[in-house]
């Protein structure tokens with residue numbers, strides 16, 4: 001897939017001035033307030049600030065057949081084209097692994113006077129004083145969504161390893177808990193099957209169906225002999 005030169009220009013001109021202080025929450029929703037500062041092409045010392053919120057839903061390990069549509073919800077054509085290119089070239093593989101979906105909300109646009117550097121410094125100072133997770137980005141007018149998409153790609157990649165490991169550990173813990181409960185139930189069934197041949201035979205069938213009969217074979221036959 002070829003991509004428009006204007007999109008590449010926006011990608012190459014994007015500068016992430018400040019990043020969120022933490023990565024994406026593994027077991028919760030993450031909201032990041034973004035400020036994208038763009039120098040207006042048709043005015044001297046005039047800068048537009050795009051302010052909004054990115055919301056990332058709780059990651060989960062799923063088959064992301066609906067990835068493309070969910071990821072780019074709320075984005076325009078250029079950002080969607082860039083996201084599709086990233087997807088085809090493997091740059092969003094970590095998103096694909098745990099099915100992250102991200103929504104973009106725009107709060108407001110503001111035009112202010114000053115150089116790009118001056119306005120960026122003011123915006124960053126204001127953002128740093130807040131308690132929210134924030135990012136300040138220098139982008140290109142009319143292509144600012146591409147700059148936001150580039151930030152998202154880097155931020156997700158930075159978060160993904162920790163998210164994925166925590167999800168895997170959580171699933172492993174749940175699996176271990178389930179296995180422990182299963183073995184506790186088997187022990188209880190053995191206890192209640194003592195001296196009851198019919199109940200013991202039912203337990204033996206269950207163990208065979210679970211592929212665990214070999215593990216309990218000696219105990220099973222010992223109890224069976226007691227029933228004789």
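The values are calculated or read from the model by the stated rules, or taken from the named source; none is laboratory data. Nothing here was measured: the structure is a model prediction, and the numbers come from that model. Every residue, glycine among them, receives a Cβ derived from its backbone with ideal geometry; neighbour counts consider all protein chains shown.
Looking at segment 122-143, I want the residues that are within 15 Å of residue 110 (Cβ to Cβ) and not assigned by TED's automatic domain parsing to the domain that holds residue 24 and have a partner that is in a loop (DSSP other than H, G, I, E, B) and modelled with pLDDT of 90 or more with Cβ atoms under 8 Å, at least 6 apart or on another chain. Which pairs are those?
Final answer for the pair search is none.
Output yes when any residue across segment 98-109 is modelled with pLDDT under 75, part of a helix (DSSP H, G or I) and within 13 Å of the chain's Cα centre (by Cα), and no when none is.
yes
Might you let me know whether segment 72-84 holds any residue that is modelled with pLDDT of 70 or more, more than 19 Å from residue 160 (Cα to Cα) and either touching a strand residue (DSSP E or B) at 6+ places or on another chain (Cβ under 7 Å) or part of a strand (DSSP E or B) (or both)?
yes
For segment 28-43, what are the residues that are surrounded by 12 or more Cβ atoms within 10 Å (Cβ to Cβ) and within 22 Å of residue 162 (Cα to Cα)?
Those that are surrounded by 12 or more Cβ atoms within 10 Å (Cβ to Cβ) and within 22 Å of residue 162 (Cα to Cα): 30, 31, 32, 33.
Take residues that are touching a strand residue (DSSP E or B) at 6+ places or on another chain (Cβ under 6 Å) and tell me which of the helices (runs of 4 or more DSSP H) falling wholly in segment 128-228 contain 2 or more.
Answer list for segment 128-228: 144-193.
Hey, among the residues in segment 156-176 that are buried (at least 22 other Cβ atoms within 10 Å of the Cβ) and more than 19 Å from residue 81 (Cα to Cα), which one's modelled with the highest pLDDT?
159
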